[in-house]
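Asker: Sharing a structure with you now.
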Amino acid sequence: MSDDVQAERIEQLIGALRDDNEALRDHAIASLSQVGEDAVGPLIGLMADEDVLIREAATSAVVRIGLSVVDPLIEALKDDEWAIREQAASGLGKLKDPRGVGPLVNALKDKDGAVRTAAVWALERVGDARAVPGLVEALTDNTVREDVARVLKKIGDARAVDALIDGLLGNNWMVRRHAAEALGKIGDARGVGPLIESLKDEDWLVRRNAAESLARLGAKQAIAPLLPLLEDENTMVQETVEGVLASLGWNAKP
């Protein structure tokens with residue numbers, strides 16, 4: 001196929017991505033992925049379209065081309081258009097290639113919140129512990145800190161302990177929920193004291209997660225602070241604490 005014919009085919013397929021017919025759009029995505037690297041440039045350009053469905057369709061087509069698009073997507077993270085940077089981050093997350101970790105960590109400092117959010121999501125998909133220092137730093141970002149706490153919980157790296165403790169004792173209830181769970185998963189004894197303190201948290205799920213984490217840590221010193229939660233206002237907390245106390249070796253007096 002000549003270059004002119006190939007270019008015309010790519011143009012027609014990209015035009016089909018704008019069609020209202022979902023089946024036709026899906027066919028265009030599949031066909032563009034088969035075209036391969038010749039379609040990457042035009043597709044990346046389409047990631048700036050004002051229609052989010054078209055942007056996402058372009059990303060899907062790029063991702064289906066395969067790992068050869070990793071470098072172009074990394075380059076696209078530097079584009080002037082925020083939407084291209086956002087979709088590039090999303091694409092790198094879907095590809096799960098470790099080459100994207102460093103550039104995605106850099107994208108955590110992007111000026112646009114949507115790009116930062118996409119970068120966090122992508123790093124969660126990749127699941128590489130090399131992202132932990134950058135994610136820890138991003139815990140101070142009000143736009144993404146809840147998602148960052150969730151990702152740090154999933155990765156479970158001890159380098160995040162101090163930052164998670166700060167989050168556990170902070171004012172964001174969602175961050176506290178994730179941090180309370182993460183500290184148990186990581187298994188670092190530094191979390192015991194803050195987790196005991198969090199047994200008094202106003203949020204019931206923070207209290208429950210803290211109790212479960214103390215069980216994971218085998219923290220027998222938490223037995224006395226756990227006892228009042230046997231009469232917690234939330235029955236799920238009560239039930240969890242019963243099991244936690246049993247696991248820590250406490251027996252109720254007859």
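Asker: Set the Förster distance to 30 Å, then compute FRET efficiency between I223 and D203 from the Cβ-Cβ distance, nearest 0.05.
Answerer: Working: r = 22 Å, r/R0 = 0.74.
It comes to 0.85.
Asker: Could you give the semi-axes, largest first, of the ellipsoid that matches region 92-243, computed as the square roots of 5 times the alpha carbon gyration tensor eigenvalues and rounded to whole Å? Kindly include the intermediate steps, with their values, before the conclusion.
Answerer: Working: eigenvalues 195, 41, 29 Å².
Each semi-axis is the square root of five times an eigenvalue, giving 31, 14, 12 Å.
Asker: For region 210-254, I need the span (max minus min coordinate) of the C-alpha atoms along each principal axis, in Å, sorted largest to smallest.
Answerer: Rounded to whole Å, the extents work out to 26, 25, 15 Å.
Asker: I'd like the distance separating the alpha-carbon centroids of region 198-240 and region 129-191, in whole Å.
Answerer: One Cα centre to the other: 19 Å.
Asker: Now a separate question. Could you give the dipole magnitude of the chain about its Cα centre, charging the beta-carbon of Lys and Arg +1 and that of Asp and Glu -1, in debye to the nearest 20? Show your work: numbers first, answer last.
Answerer: Values: 30 positive and 44 negative charges, 295 e Å.
The dipole magnitude comes to about 1420 debye.
Asker: Which order, highest average first, do 222-233, 96-107 follow once you tally other Cβ atoms within 10 Å for each residue and take the mean per peptide? Walk me through the numbers on the way to the answer.
Answerer: Working: 222-233: 15.5, 96-107: 18.7.
The packing order, highest mean first, is 96-107, 222-233.
Asker: Right, here's the next one. I'd like the FRET efficiency for R64 and K185, computed as 1/(1 + (r/R0)^6) with the beta carbon distance as r and R0 of 25 Å, rounded to 0.05.
Answerer: Numbers: r = 34 Å, r/R0 = 1.36.
So, using R0 = 25 Å, E works out to roughly 0.15.
Asker: Normalized C-alpha radius of gyration of region 1-96, against 2.2 N^0.38 Å? Mind dumping the intermediate values first?
Answerer: Numbers: Rg = 12.3 Å, N = 96, 2.2 N^0.38 = 12.5 Å.
Taking N as the residue count of region 1-96, the ratio is 0.99.
Asker: Calculated FRET efficiency, E233 and E81, Cβ-Cβ r, R0 35 Å, to nearest 0.05?
Answerer: Values: r = 50 Å, r/R0 = 1.43.
Rounded to the nearest 0.05, the efficiency is 0.10.
Asker: Return an integer: the convex hull volume of the alpha-carbon atoms of the chain, in Å³ per residue.
Answerer: Details: hull volume 36.5 nm³, N = 254.
Considering the Cα atoms of the chain, their hull volume per residue is 144 Å³.
Coordinate-derived values only; no laboratory data. Everything numeric in this text was worked out from a predicted model, so none of it was measured. Note that we place each Cβ from the backbone using ideal geometry, even for glycine, and neighbour counts take in every protein chain shown.
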